[in-house]
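**Q** Dumping the structure here so I can ask a few things about it.
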Amino acid sequence: MTVTVTRTTVPEHGIVRYASIGGLDLEAGGYLPEVTLAYETWGTLNADASNAVLIEHALTGSTHVTRGDTDEPGWWEQLAGPGAPVDTDRFFVVSINIVGGCYGSTGPSSPAPDGAPWGSRFPLVTLRDSTVAEARLADQLGIRSWFAVLGGSMGGARALEWAISFPERVQRCGVISIGHASTAEQIAFAQAQTLAIRQDANFKGGDYYGGPFPEDGLALARRIAHITYRSAAELEGRFGREPQAPESPLHGGVLAARGRYQVESYLDHQGNKLVRRFDANSYIAITEALMSHDICRGRGPLPETLARSGARFFVAAVDSDRLYFPAQSRELAAALPGEVDVHVIEAPIGHDGFLTEIGQLGHQLRAHLSA
Ligand SMILES: CC(=O)SCCNC(=O)CCNC(=O)[C@H](O)C(C)(C)COP(=O)(O)OP(=O)(O)OC[C@H]1O[C@@H](n2cnc3c(N)ncnc32)[C@H](O)[C@@H]1OP(=O)(O)O
Ligand SMILES: N[C@@H](CCO)C(=O)O
């Protein structure tokens with residue numbers, strides 16, 4: 001059966017590459033045959049393959065870290081590029097779309113062996129599984145050991161998992177805006193998001209491809225998430241109690257459409273923006289992968305688990321982050337062997353500061369990569 005798969009949002013800037021890495025036995029017991037990984041590269045791998053840097057994207061990011069040969073800006077545009085802190089004149093930079101995603105790697109909207117989209121049949125893929133898949137791609141690229149693996153938020157969790165799963169393959173590890181495991185509160189916020197999608201009438205248990213898309217559920221999930229990505233102070237300073245003119249939140253009611261506050265309009269916009277670029281099943285798959293983040297699972301106490309890695313660690317946190325508290329980064333740093341500082345990004349924005357405060361982060365990261 002041939003099915004037109006909708007809502008794959010593979011970037012169209014033309015430099016994404018695809019690698020078949022074979023079948024993947026999954027930690028939770030499932031199996032994915034014929035996994036494809038989408039990836040981008042910048043710079044040149046040197047003769048002894050000693051200059052490779054892996055940048056891992058966060059929850060809704062893609063492989064497109066920086067523009068390179070295209071006009072399309074990336075999500076860490078000022079952090080990676082020629083002369084940037086992750087200098088593509090010096091490093092061969094790689095970014096890989098996570099398994100389960102919708103930016104080119106095998107995910108729920110990809111065809112299963114029967115030709116129909118995986119949909120509800122897509123198995124649980126943990127961050128650890130993704131790391132195993134990425135190691136196979138590294139083998140194909142001829143990269144035995146990364147000079148550095150780094151990322152923020154879920155990207156930081158992926159980087160940390162790399163350093164522990166493959167200690168001999170990671171020389172430096174940048175763990176930004178994330179702790180060593182998803183906490184109860186982070187899992188709780190995540191569950192509210194996945195339920196918002198599952199309870200959309202269009203979700204159909206995950207088998208909605210070819211029919212109406214569960215837009216309302218995905219947009220609601222993004223609203224919940226986005227509140228956690230920003231600080232109370234940022235929302236207050238930006239929107240306060242202002243109405244979204246010409247609407248008035250004090251008119252209307254339960255039956256008549258009520259006007260919105262500016263912050264409501266802003267969250268509506270953020271929700272709708274994600275609906276245009278992300279698959280709902282992928283959102284669930286990746287969110288649940290992030291829930292699984294726990295480098296100690298099956299390995300032992302935190303210090304012993306971290307001691308598996310001989311990497312030099314770079315740990316950073318945004319001071320106003322109310323989702324991944326700086327205290328969780330400090331706990332990670334304190335459990336690492338040796339003296340590891342937590343680089344604090346000072347910004348009122350909240351968690352998203354790891355994407356927006358590139359000046360501070362870049363300055364600190366450049367020093368780490370040069371040492
Ligand atoms: C192909 C791809 O897209 S790849 C994936 C790209 N994305 C990623 O990698 C994920 C990481 N990036 C992000 O999460 C975000 O881009 C961030 C955090 C870096 C920045 O977030 P932004 O939404 O751009 O920032 P900000 O909070 O300032 O919001 C600005 C938007 O809110 C809108 N807005 C502001 N006030 C209001 C309001 N009162 N009512 C409605 N909309 C509003 C602005 O018009 C603007 O809209 P636009 O983004 O459509 O231009
Ligand atoms: N805004 C980011 C934050 C996730 O940590 C994203 O959408 O990926």
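**Q** Filter the stretch 133-158 down to the residues that are closer than 18 Å to Ala311 by Cα and of a type in the set (A, V, I, L, M, F, W, C) and list them by number.
**A** Ala135, Ala138, Ile143, Trp146, Phe147, Ala148, Val149, Leu150, Ala157
**Q** I would also like to ask the following. Right, Leu124: under 24 Å from Gly156 (Cβ atoms), part of a loop (DSSP other than H, G, I, E, B) and within 16 Å of ligand 2 (Cβ to nearest atom) or not?
**A** no
**Q** Of the residues in the stretch 263-286, how many are open to solvent by less than 60 Å² (accessible area, probe 1.4 Å), touching a Ser or Thr at 6+ places or on another chain (Cβ under 9 Å) and among the charged types (D, E, K, R)?
**A** Number satisfying all stated conditions: 1.
**Q** For the stretch 357-371, what are the residues that are outside any helix (DSSP H, G or I) and within 16 Å of ligand 1 (Cβ to nearest atom)? Steps first, please.
**A** To start, the set of residues in the stretch 357-371 that are outside any helix (DSSP H, G or I) comprises 357, 371.
Once the filter is applied, which keeps residues that are outside any helix (DSSP H, G or I) and within 16 Å of ligand 1 (Cβ to nearest atom), the stretch 357-371 yields only Glu357.
**Q** Let me ask something additional. Show the residue pairs meeting these rules: Cβ distance below 9 Å; 6+ apart or different chains; first residue within the stretch 66-80 and within 13 Å of Trp42 (Cα to Cα); second residue of a type in the set (D, E, K, R) and within 15 Å of ligand 2 (Cβ to nearest atom).
**A** These pairs meet every condition: Thr66/Glu77; Arg67/Glu77.
Listed here are the residues, each with its yes/no results for (1) more than 16 Å from ligand 2 (Cβ to nearest atom); (2) over 30 Å from Pro82 (Cβ atoms); (3) among the aliphatic types (A, V, I, L, M); (4) without any contact (Cβ under 8 Å) to a residue 40 or more places away in the chain.
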{"position": "Tyr266", "(1), (2), (3), (4)": "no, yes, no, yes"}
{"position": "Asn281", "(1), (2), (3), (4)": "yes, yes, no, no"}
{"position": "Ser292", "(1), (2), (3), (4)": "no, yes, no, no"}
{"position": "Arg299", "(1), (2), (3), (4)": "yes, yes, no, no"}
{"position": "Ala335", "(1), (2), (3), (4)": "yes, yes, yes, no"}
{"position": "His351", "(1), (2), (3), (4)": "no, no, no, no"}
{"position": "Phe354", "(1), (2), (3), (4)": "no, no, no, no"}
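**Q** I'm checking my understanding of the structure. Among residues of the stretch 33-66 that are open to solvent by 40 Å² or more (accessible area, probe 1.4 Å) and among the charged types (D, E, K, R), which one is farthest from ligand 1 (Cβ to nearest atom)?
**A** Among those that are open to solvent by 40 Å² or more (accessible area, probe 1.4 Å) and among the charged types (D, E, K, R), it is Asp48.
**Q** Provide a single number: the residues in the stretch 250-287 that are in contact with a Leu (Cβ under 6 Å, 6 or more places away or on another chain) and away from ligand 1 (no atom under 14 Å from the Cβ).
**A** Total satisfying the criteria: 1.
**Q** Follow-up. Any residue at all in the stretch 122-130 that's assigned by TED's automatic domain parsing to the domain that holds Ile98 and either in contact with a Gly (Cβ under 6 Å, 6 or more places away or on another chain) or at positive phi (or both)?
**A** yes
**Q** Shifting gears a bit: Using beta carbons and a limit of 9 Å, which pairs, at least six apart or on different chains, have the first residue in the stretch 358-370 and more than 13 Å from Asp87 (Cα to Cα) and the second one assigned to a helix (DSSP H, G or I) and open to solvent by less than 20 Å² (accessible area, probe 1.4 Å)?
**A** Short answer, once both residue conditions are applied: Gln360/Gly353; Leu361/Gly353; Leu361/Phe354.
**Q** Still on this structure: What are the pairs, 6+ residues apart or on separate chains, where a residue within the stretch 310-332 that is in the same structural domain as Arg158 (by TED's automatic domain parsing) has its Cβ under 8 Å from a residue that is aromatic (Phe, Trp, Tyr)?
**A** Ala316/Phe354; Ala317/Tyr324; Ala317/Phe325; Val318/Phe354; Leu323/Phe189; Leu323/Tyr229
**Q** Filter the stretch 67-81 for residues that are more than 11 Å from ligand 1 (Cβ to nearest atom) and of a type outside the set (Gly, Ala, Ser); which is least open to solvent (accessible area, probe 1.4 Å)?
**A** Checked the stretch 67-81; the qualifying residue least open to solvent (accessible area, probe 1.4 Å) is Leu79.
**Q** For the stretch 119-167, name all the residues that are within 19 Å of Ile286 (Cα to Cα), without any contact (Cβ under 8 Å) to a residue 40 or more places away in the chain and of a type in the set (A, V, I, L, M, F, W, C).
**A** Within the stretch 119-167, just Ala135 meets the criteria.
**Q** Oh, and also: Kindly indicate whether any position in the stretch 337-356 is within 19 Å of Gly151 (Cβ to Cβ), in a loop (DSSP other than H, G, I, E, B) and touching a Gly at 6+ places or on another chain (Cβ under 8 Å).
**A** Scanning the stretch 337-356 turns up at least one residue that is within 19 Å of Gly151 (Cβ to Cβ), in a loop (DSSP other than H, G, I, E, B) and touching a Gly at 6+ places or on another chain (Cβ under 8 Å).
The values are calculated or read from the model by the stated rules, or taken from the named source; none is laboratory data. Keep in mind the model is a prediction, meaning the values are calculated, not measured. Counting neighbours? That spans all protein chains shown, and the Cβs are built from the backbone with ideal geometry, glycine included. For the accessible areas, the whole protein counts, side chains as well, though only heavy atoms, and no ligand, DNA or RNA atoms are used. Shrake-Rupley method; radii C 1.70, N 1.55, O 1.52, S 1.80 Å.
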